[in-house]
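The values are calculated or read from the model by the stated rules, or taken from the named source; none is laboratory data. For clarity, every value in this text was computed on a predicted model and none was experimentally measured. Glycine gets a Cβ as well: all are built from the backbone with ideal geometry, and neighbour counts include every protein chain shown. For accessibility, only protein heavy atoms count, side chains too; no ligands or nucleic acids. Shrake-Rupley method; radii C 1.70, N 1.55, O 1.52, S 1.80 Å.
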Amino acid sequence: KMIKITYAGSYGQKDGVEYLIDAFCEISKKHEDVILVLLGGTKKKAIKDKVLLSNNTNIELVSYLPDDQYWQKLSESDILCITRIDSSFANAGFPFKLSEYLATGSPVIATDVSDVKYYLTDKQDFVMAKPSDTNSLISALEYLIKYPDKRGEIGRNGYNKCKLYFNPKINGQSLMGLIEKI
């Protein structure tokens, strides 16, 4: 069975997709059973050129999808990746894609930006990688590929953290409580 590694989202410099492509190309030299699915804004010339230059036939470019197909693709993924670089933008905002990914129950690799580490624990709820670091992404991918039992455990734990921290109903109640106090 192919191991599907997925990135979905925007493809700006802040997103660090180039590092993920480089890491995947290295990983796929050791593991022939991996595929990288890039969803969303894959019309960006720089990304298309990087994929073409990599000459890696296990990279699939998928443009924007209707919501139902998008969620289907995410749920079919074995590993989901958020690869933001170490930038003021990435550290000032929270990667909302993280909650989408965690909600699938699949394991997530996310770079150490913003407040991610205050909500999730490395190798327990997700796998942390250093931002702007191809070797760190390679290590994170290798860990989840090498230990399939850990993928399930980390995915379940991440899903539970998603329900705890990113639940709109719970967060709405907390916000209303704060407003009432004020």
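Pairs 1/30; 29/73; 29/146; 97/181: which are spaced more than 22 Å apart, C-alpha to C-alpha? Write out the running numbers ahead of the final one.
Values: 1/30 16 Å; 29/73 24 Å; 29/146 14 Å; 97/181 31 Å.
Pairs exceeding the cut-off: 29/73; 97/181.
In segment 143-182, what percent of the accessible surface is made up of carbon and sulfur (1.4 Å probe, ligands and nucleic acids excluded)? Working shown, then result.
Working: 1730 of 2950 Å².
Carbon and sulfur atoms account for 59 percent of the accessible area of segment 143-182.
Send over a whole-number figure in Å² for the accessible area per residue of the chain, probe 1.4 Å.
Details: 9750 Å² over 182 residues.
Per residue, the chain has 54 Å² of solvent-accessible surface.
Between residue 88 and residue 181, what length in nm is gained on full extension when 0.36 nm per residue of separation is reduced by their alpha carbon distance?
On the way: separation 93, 0.36 × 93 = 33.48 nm, distance 3.28 nm.
Stretched fully, the residue 88-residue 181 segment lengthens by 30.2 nm.
Along the charge dipole of segment 101-182, Cβ charges K/R +1 and D/E -1, which of 135, 147, 114 sits furthest on the positive end?
The one lying farthest along the dipole's positive direction is 147.
Taking the Cα centre of the chain as origin and charging only Cβ (+1 Lys, Arg; -1 Asp, Glu), how large is the dipole, in debye to the nearest 20?
Numbers: 24 positive and 23 negative charges, 32 e Å.
So the dipole magnitude of the chain works out to roughly 160 debye.
Treat each spin label as a single point 7 Å out from the Cα along the C-beta direction, and report the residue 71 to residue 165 distance in nm.
2.3
Multiply the residue gap between residue 96 and residue 63 by 0.36 nm, knock off their C-alpha separation, and tell me the result in nm, one decimal place.
Numbers: separation 33, 0.36 × 33 = 11.88 nm, distance 2.00 nm.
Computed gain between residue 96 and residue 63 is 9.9 nm.
Among 152, 105, 172, whose mean-square fluctuation peaks in a Gaussian network model of the chain (Cα, cutoff 10 Å)?
Highest fluctuation among the options: 172.
Can you give the Kirkwood hydrodynamic radius for segment 33-149, in Å, rounded to one decimal and based on Cα pairs?
Details: mean 1/r = 0.0657 Å⁻¹.
Computed over segment 33-149, the radius equals 15.2 Å.
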